[in-house]
Amino acid sequence: MSDTQQDRRQEDGEGRVEEFDAVVVGAGFAGLYTLHKLRNELGLSARVFEAGSGIGGTWYWNRYPGARSDTSSWIYCYSFDEGLLQEWQWSERYPGQREVLNYLEHVAERFDLNRDIQTGTRVTSATFDETTERWEVRTDTGEVVSARFIVAALGALSAANLPDVPGLENFTGERYHTAEWPHEGVDFTGKRVGVIGTGATGIQVATEIAALADHLTVFQRTPNYAIPLGNYQIDEEFRRWYKENYDEIWGQVRHNFSGHDYDPIEKQLQEAAPEERERTFRERYERGGFGLWLANYEDILVDRDANSVVSEWVRERIAERVDDPATAGRLTPSDHAFGTKRVPLEDGYYEIFNQDNVALVDVKETPVEEITPTGVRTSAGEYEFDALVFATGFDAMTGPYNKIDIRGRGGRLLRDKWANGPRTYLGLMSADYPNLFTITGPQSPSVLTNMPVAIEQHVEWISEIIRHMRVGGLGVVEPTREAEDEWVDHSQEVAHSTLFPESATWYMGVNIPGKPQVFLPYLGGIGPYRQKCDEVAANGYEGFAFASSEGANA
Ligand code: N01
């Protein structure tokens, strides 16, 4: 233990550091379920630290107008409790931010979770003490606690990315990042607004603001292949249907590739006649959702020729929906293959560019030079705004880990170990960071799946290994270096057998200057990945090394 740590404790006047079996970092979907499993089922003492002033994670922070899940509500939820599944009533196919947050607040109350969640507290460091084999966790509120296990439930998309544009601090109007949205909301009525970024978030927020603002300018760096959302209200009959069929529904999404209620067509695109392809694409496009992406011909994400057919088909739809051909051209992607960048779902996005009060600026054509006190200056001139909205995304997957000083064996920082890209075994643990679990961490299916499905799989696997350790009197677990190296290589091999790594995306870390460009999530599919994790456990947790410890049950 370092002198500074000793000093801090004395300053706190605690005399003794509070001890927990587990500290959970984050109170979103992952942290809430972890607390339930570890405390309510395994009987561990646990403390959850949450930076927000309330629970909900993604759904606490992302309150921007138009924020909505793009996964069907009846599977964008937990499946572990039949009573919860049956009692909760979703109102729409795609639930809005408030509805998802209401759901998570309901879960927290139902399972009596709030009493062990400390909100308004950001974990700043976690240090593994090799003598006590415990983690010392520190927070921005000055707390120091000790835990045998740490579960990082940080969220894959929780470190907001605000680009370093010259003059950013000089802007005198209102400035927002979509992932740090004011709780009281923002009224854009009659204002001149600039939205920077056209990913899934930018597309949602621009569509809403276009209806209110006096004028909206959308700054686009890369056009996307956005496809219709197809939202609708859920009626009683449909609600009854999914509640009666939950066994089958969860059976599908837990074991298929994507964790969504879509499966690819077991056919290569070239095997289908042009009329059949047209029917397939059109039907999925009109129904809305991810069907065109995840329930399409099985080779569209691995075969360039197959992909070019569907990419071109989506480009034609954009051209049909935007009146001005020059604007349509700017909105049409040509630099990447459909589906290799996260496909945004939209509800009238392309049509906003047919309104007189909306303009599109392509910042590759006319780069942003600086933010001025009154607006944005590009190489083509200055645009004046009352409000600027940054929908510029996240330092995905590794960013949330890099924000915490995580020191494992030998005092080595995790961010240093991961300097050339994350190194994990199964995306669950990293060698030399014993008893630290990373829920939906890098090199796990995570963001390439339906998140609640991936989260439940991880939380359940983690609680089983902890149960195994307690039964066996084992205090410490970590992956072997060999298992980790193999997984890192395997994860990259799988990604590089597809078209995904060829596109400049946040999956590859390209959006953050200086970030190593390696494919971050695991592309093997949630079903096969689940099977692999289960086999590892059944084979005595192969690839993991355990050590007994005197304090194993502490
Ligand atoms: O972030 P993004 P997001 N100058 O990184 C642009 C999930 N999600 O918040 O593409 C100008 O996708 C950047 O340009 P480029 C979903 O998984 C889910 O939209 O890098 N522009 C891009 O257009 C999603 O994928 C839902 O060239 C700059 C945009 O900002 C993930 O979150 C809803 C720039 C950022 O897009 C992230 O989506 C919303 C700069 N300096 C999001 N820097 C659901 O519905 C960045 N950009 C559940």
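Six or more apart or on different chains, Cβ atoms under 9 Å: show the pairs whose first residue is in segment 392-409 and within 16 Å of the ligand (Cβ to nearest atom) and of a type in the set (Asp, Glu) and whose second is assigned to a helix (DSSP H, G or I) and open to solvent by 20 Å² or more (accessible area, probe 1.4 Å).
Taking only residues 6 or more apart or on different chains, the pairs are 395/402; 395/506.
Report those strands (runs of 3 or more DSSP E) wholly inside segment 328-385 carrying at least 2 residues which are of a type outside the set (A, V, I, L, M, F, W, C), more than 10 Å from the ligand (Cβ to nearest atom) and exposed (fewer than 15 other Cβ atoms within 10 Å of the Cβ).
Values: elements: 358-362, 368-371, 375-378, 381-384.
Answer list for segment 328-385: 381-384.
Which is away from the ligand (no atom under 16 Å from the Cβ), assigned to a loop (DSSP other than H, G, I, E, B) and open to solvent by less than 80 Å² (accessible area, probe 1.4 Å), of 251, 190? Even if it seems obvious, please write down each step before you answer.
Details: 251 fails: assigned to a loop (DSSP other than H, G, I, E, B).
Selected residue: 190, the only one of 251, 190 that is away from the ligand (no atom under 16 Å from the Cβ), assigned to a loop (DSSP other than H, G, I, E, B) and open to solvent by less than 80 Å² (accessible area, probe 1.4 Å).
Go through segment 117-182 and tell me which strands (runs of 3 or more DSSP E), entirely inside it, have 2 or more residues that are basic (Lys, Arg) and in contact (Cβ under 8 Å) with a residue 40 or more places away in the chain. Walk me through how you get there before you give the answer.
Numbers: elements: 123-129, 134-139, 144-152, 174-177.
Strands (runs of 3 or more DSSP E) meeting the threshold: 134-139.
Would you please name the residue that is surrounded by the most Cβ atoms within 10 Å (Cβ to Cβ), looking only at residues in segment 386-404 that are under 27 Å from the mean Cα position of the chain (by Cα) and within 17 Å of residue 171 (Cβ to Cβ)? Write out each step before concluding.
Initially, segment 386-404 is screened for residues under 27 Å from the mean Cα position of the chain (by Cα), giving 387-404.
Those still in the list that are within 17 Å of residue 171 (Cβ to Cβ) too: 387-392.
Details: 387: 20, 388: 23, 389: 29, 390: 24, 391: 23, 392: 22.
Only one residue fits best here, namely 389.
Quick one: in segment 166-179, of everything that is open to solvent by 30 Å² or more (accessible area, probe 1.4 Å) and out of contact with any Leu (no Cβ under 9 Å at 6 or more places or on another chain), which residue is farthest from residue 367 (Cα to Cα)?
172
Mind telling me which of the residues 481, 530 ends up being over 30 Å from residue 261 (Cβ atoms) and among the basic types (Lys, Arg)? Please lay out each step first, then the result.
Numbers: 530 fails: over 30 Å from residue 261 (Cβ atoms).
None of the others qualify; the one that does is 481.
This table checks each residue for (1) in contact with a Lys or Arg (Cβ under 8 Å, 6 or more places away or on another chain); (2) open to solvent by 30 Å² or more (accessible area, probe 1.4 Å).
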position	(1), (2)
194	no, no
200	yes, yes
228	no, no
268	no, yes
290	no, no
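How many residues are under 21 Å from residue 69 (Cβ atoms) and near the ligand (Cβ under 6 Å from one of its atoms) if we restrict to segment 193-203? If you could, list the steps in order and put the result at the bottom.
To start, the set of residues in segment 193-203 that are under 21 Å from residue 69 (Cβ atoms) comprises 195, 197-203.
Narrowing the set further to residues that are near the ligand (Cβ under 6 Å from one of its atoms) leaves 197-202.
Final tally of qualifying residues: 6.
Restricting attention to segment 160-180, report how many residues are within 12 Å of the ligand (Cβ to nearest atom) and either of a type in the set (Val, Ile, Thr) or more than 25 Å from residue 369 (Cα to Cα) (or both).
The number of residues fulfilling the criteria is 2.
Taking the criterion of being in a loop (DSSP other than H, G, I, E, B) and farther than 30 Å from residue 456 by Cβ, would at least one residue in segment 271-287 satisfy it?
Initially, segment 271-287 is screened for residues in a loop (DSSP other than H, G, I, E, B), giving 272-273.
Within this subset, residues satisfying the condition of being farther than 30 Å from residue 456 by Cβ are 272-273.
Checked against the condition, which is being in a loop (DSSP other than H, G, I, E, B) and farther than 30 Å from residue 456 by Cβ, segment 271-287 yields at least one hit.
Answer yes if at least one residue in segment 150-157 is within 9 Å of the ligand (Cβ to nearest atom), open to solvent by 10 Å² or more (accessible area, probe 1.4 Å) and not β-branched (Val, Ile, Thr), and no otherwise. Break it down into steps so the answer makes sense when it comes.
In the first step, residues of segment 150-157 are kept if they are within 9 Å of the ligand (Cβ to nearest atom); the result is 156-157.
Then drop every residue that is not open to solvent by 10 Å² or more (accessible area, probe 1.4 Å), which leaves 157.
Those left that are additionally not β-branched (Val, Ile, Thr): 157.
Yes, segment 150-157 contains at least one residue that is within 9 Å of the ligand (Cβ to nearest atom), open to solvent by 10 Å² or more (accessible area, probe 1.4 Å) and not β-branched (Val, Ile, Thr).
Among the listed residues 174, 208, 184, 180, which satisfies the condition of being among the charged types (D, E, K, R), modelled with pLDDT of 95 or more and within 20 Å of the chain's Cα centre (by Cα)? Walk me through it before giving the result.
Numbers: 174 fails: within 20 Å of the chain's Cα centre (by Cα); 208 fails: within 20 Å of the chain's Cα centre (by Cα); 184 fails: within 20 Å of the chain's Cα centre (by Cα).
Just a single option satisfies the conditions, and that option is 180.
So which residues in segment 506-526 are at positive phi and either near the ligand (Cβ under 9 Å from one of its atoms) or touching a Phe, Trp or Tyr at 6+ places or on another chain (Cβ under 7 Å) (or both), if there are any at all?
The initial filter retains those residues of segment 506-526 that are at positive phi, namely 509, 514, 525.
525 - this is the single residue of segment 506-526 that is at positive phi and either near the ligand (Cβ under 9 Å from one of its atoms) or touching a Phe, Trp or Tyr at 6+ places or on another chain (Cβ under 7 Å) (or both).
Please count how many residues of segment 386-403 are outside any loop (DSSP other than H, G, I, E, B) and either out of contact with any Ser or Thr (no Cβ under 6 Å at 6 or more places or on another chain) or basic (Lys, Arg) (or both).
Pass one, segment 386-403, residues outside any loop (DSSP other than H, G, I, E, B): 387-390, 394, 399-402.
Next, only the ones that are either out of contact with any Ser or Thr (no Cβ under 6 Å at 6 or more places or on another chain) or basic (Lys, Arg) (or both) stay: 387-390, 394, 399, 401-402.
Qualifying residue count for the region: 8.
As an exercise: evaluate residue 510 against (1) free of Cβ contacts under 8 Å to residues at least 24 places away in the same chain; (2) touching a Leu at 6+ places or on another chain (Cβ under 8 Å); (3) of a type in the set (Val, Ile, Thr) and give the number of the one condition it does not meet.
(2)
Of all residues in segment 56-108, count the ones that are basic (Lys, Arg) and either within 18 Å of residue 342 (Cβ to Cβ) or more than 13 Å from the ligand (Cβ to nearest atom) (or both). Write out each step before concluding.
Of the residues in segment 56-108, the ones basic (Lys, Arg) are 63, 68, 93, 98.
The next check asks that each one be either within 18 Å of residue 342 (Cβ to Cβ) or more than 13 Å from the ligand (Cβ to nearest atom) (or both); those that pass are 68, 98.
Matching residues across segment 56-108 total 2.
Looking at segment 204-225, which of the residues that are touching a Phe, Trp or Tyr at 6+ places or on another chain (Cβ under 6 Å) and away from the ligand (no atom under 11 Å from the Cβ) is nearest to residue 292 (Cα to Cα)? Full working, then the answer.
The initial filter retains those residues of segment 204-225 that are touching a Phe, Trp or Tyr at 6+ places or on another chain (Cβ under 6 Å), namely 205, 207, 209, 212-213, 217, 225.
Restricting the remaining residues to those that are away from the ligand (no atom under 11 Å from the Cβ) gives 207, 209, 212-213, 217, 225.
Details: 207: 21, 209: 27, 212: 31, 213: 32, 217: 29, 225: 11 Å.
So, considering only residues that are touching a Phe, Trp or Tyr at 6+ places or on another chain (Cβ under 6 Å) and away from the ligand (no atom under 11 Å from the Cβ), the one nearest to residue 292 (Cα to Cα) is 225.
Just checking, does segment 256-263 include any residue being open to solvent by less than 80 Å² (accessible area, probe 1.4 Å), part of a strand (DSSP E or B) and touching a helix residue (DSSP H, G or I) at 6+ places or on another chain (Cβ under 8 Å)? Write out each step before concluding.
To start, the set of residues in segment 256-263 that are open to solvent by less than 80 Å² (accessible area, probe 1.4 Å) comprises 256, 258-263.
Adding the requirement that they be part of a strand (DSSP E or B) leaves none.
No; the residues of segment 256-263 include none that is open to solvent by less than 80 Å² (accessible area, probe 1.4 Å), part of a strand (DSSP E or B) and touching a helix residue (DSSP H, G or I) at 6+ places or on another chain (Cβ under 8 Å).
The values are calculated or read from the model by the stated rules, or taken from the named source; none is laboratory data. Computed from a predicted model, the values in this text were never measured in an experiment. Cβ atoms come from the backbone with ideal geometry, glycine included; neighbour counts cover every protein chain shown. Accessible surface areas use protein heavy atoms only, side chains included; no ligands, DNA or RNA. Shrake-Rupley method; radii C 1.70, N 1.55, O 1.52, S 1.80 Å.
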